[in-house]
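Engineer: The structure is given below, and queries will be raised subsequently.
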Amino acid sequence: MCAEDANVHVTSDRAAWLVGPSNKCSNPAPQPVRPYRLVLLGAPGVGKGTQAELLSQQTAACHLSTGDIFRAAKSLDACRCTPAMTAAMDYMHRGDLVPDETVLAILRERGKCLRCSGGFLLDGFPRTLAQAQALDGLLATMNVKLDAVIDYRLPMDEIISRLSGRRTCVKCRAVYHVETRPPQVENTCDTCGGELVQREDDRPESVRVRMSAYLHSTAPLIEFYQPRGLLITVDAHGSPWEIFGRTMRELRVREICG
Ligand code: AMP
């Protein structure tokens, strides 16, 4: 069955991913759908998070964002936050990449999320060649194969406009845009009623640092995945549903959507 034909299900709470491996996810009952194991690539602000959200609502795969882990840690009280996590949040506020060792330690701890029978949608990971190589190694030890790496493309000026208008729900992390995806009630999440805020790293000074980190460290991953036949390029213009439609068509062409 293809994701678009499946009923939209309640997105999992991702407790094991966001809070840590000792937590149990209260995921919806597994459905008889093919698991998707995808990496979503693309510059910050290109819409990966929104696409991961749509894909996870329509498949059994979990939206696994490394940025969400750091944002979730921010709301932990100081004594529950490890020194490495506190340092990671400083990098994040500046817009810099968190060091590979920290990110990889976090990913290894959450290895069971990569083995989950529903599959996964990695958003914001890998971001460096070292992370991509480590992911390869980790998946190989689990005997898990990536289905595809989706590279969302948009010109830089449009990306900057998306980032400056982006608002995120403090409670459920749903993503809005003041012009292209406004909530029904100003500054209020349609889904949970939480307050919508601008992420600290969406401020102009952080955005400049993030773009440079993307161009320098993450864009080269396109060359890493291309020769393996895993790379799918998707035009990220248009509404989230248009981009989602393009993504599903590409997956279908490659018979990844079974
Ligand atoms: P994102 O929500 O994916 O844009 O991530 C927000 C911030 O978290 C980034 O700007 C980085 O500071 C940090 N971050 C998230 N994922 C990674 C990663 N895979 N490697 C390094 N830093 C990351």
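Engineer: Would you be able to say whether some residue in the range 151-159 is of a type outside the set (G, A, S), surrounded by 19 or more Cβ atoms within 10 Å (Cβ to Cβ), in a helix (DSSP H, G or I) and over 15 Å from the mean Cα position of the chain (by Cα)?
Structural biologist: yes
Engineer: Right, another one. Would you pick out the residues in the range 165-186 that are away from the ligand (no atom under 16 Å from the Cβ) and within 20 Å of A72 (Cα to Cα)?
Structural biologist: Listed by number, the list holds a single entry, K171.
Each row is one residue, and each column tells you yes or no for (1) in the same structural domain as G229 (by TED's automatic domain parsing); (2) closer than 23 Å to Q57 by Cβ.
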{"site": "L121", "(1), (2)": "yes, yes"}
{"site": "L135", "(1), (2)": "yes, no"}
{"site": "G165", "(1), (2)": "no, yes"}
{"site": "V175", "(1), (2)": "no, yes"}
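Engineer: Restricting the range 199-234 to residues that are of a type in the set (S, T, N, Q) and away from the ligand (no atom under 13 Å from the Cβ), which is most open to solvent (accessible area, probe 1.4 Å)?
Structural biologist: Selected residue: Q226.
Engineer: Quick one: which helices (runs of 4 or more DSSP H) sit completely within the range 49-130 and have at least 2 residues that are of a type in the set (D, E) and open to solvent by 30 Å² or more (accessible area, probe 1.4 Å)?
Structural biologist: 100-109
Engineer: Can you name the number of the only condition in (1) open to solvent by less than 20 Å² (accessible area, probe 1.4 Å); (2) in the same structural domain as S75 (by TED's automatic domain parsing) that C189 fails?
Structural biologist: (2)
Engineer: Right, another one. Pairs under 7 Å by beta carbon, first residue of a type in the set (G, A, S) in the range 162-182, partner buried (at least 18 other Cβ atoms within 10 Å of the Cβ), six or more apart or different chains?
Structural biologist: These pairs meet every condition: S164/D202; G165/H177; A174/C189.
Engineer: Among all residue pairs at least 6 apart or on different chains, which show Cβ distances below 7 Å where the first residue, located in the range 205-217, is closer than 17 Å to R153 by Cα and the second is open to solvent by 30 Å² or more (accessible area, probe 1.4 Å) and not in a helix (DSSP H, G or I)?
Structural biologist: From the range 205-217, the pairs are A213/D96; A213/L97; S217/L97; S217/R127.
Engineer: Further, regarding this structure: Tell me yes or no: at least one residue of the range 136-157 is at pLDDT below 90 and away from the ligand (no atom under 11 Å from the Cβ).
Structural biologist: Within the range 136-157, one or more residues are at pLDDT below 90 and away from the ligand (no atom under 11 Å from the Cβ).
Engineer: Separate question: State all residues of the range 237-258 that are of a type in the set (G, A, S) and either surrounded by 19 or more Cβ atoms within 10 Å (Cβ to Cβ) or part of a helix (DSSP H, G or I) (or both); if no residue qualifies, say none.
Structural biologist: G245
Engineer: Please go through the range 51-102 and pick out each residue that is more than 14 Å from the ligand (Cβ to nearest atom), at pLDDT 85 or above and either β-branched (V, I, T) or touching a Leu at 6+ places or on another chain (Cβ under 8 Å) (or both).
Structural biologist: The answer is L55, S56, A61, C62.
The values are calculated or read from the model by the stated rules, or taken from the named source; none is laboratory data. Because the structure is predicted, anything quoted here is derived from the model rather than measured. Cβ sites come from the backbone with ideal geometry, for glycine too, and all protein chains shown count toward neighbours. Remember, those area values only see protein heavy atoms, side chains included, never the ligands or the DNA or RNA. Shrake-Rupley method; radii C 1.70, N 1.55, O 1.52, S 1.80 Å.
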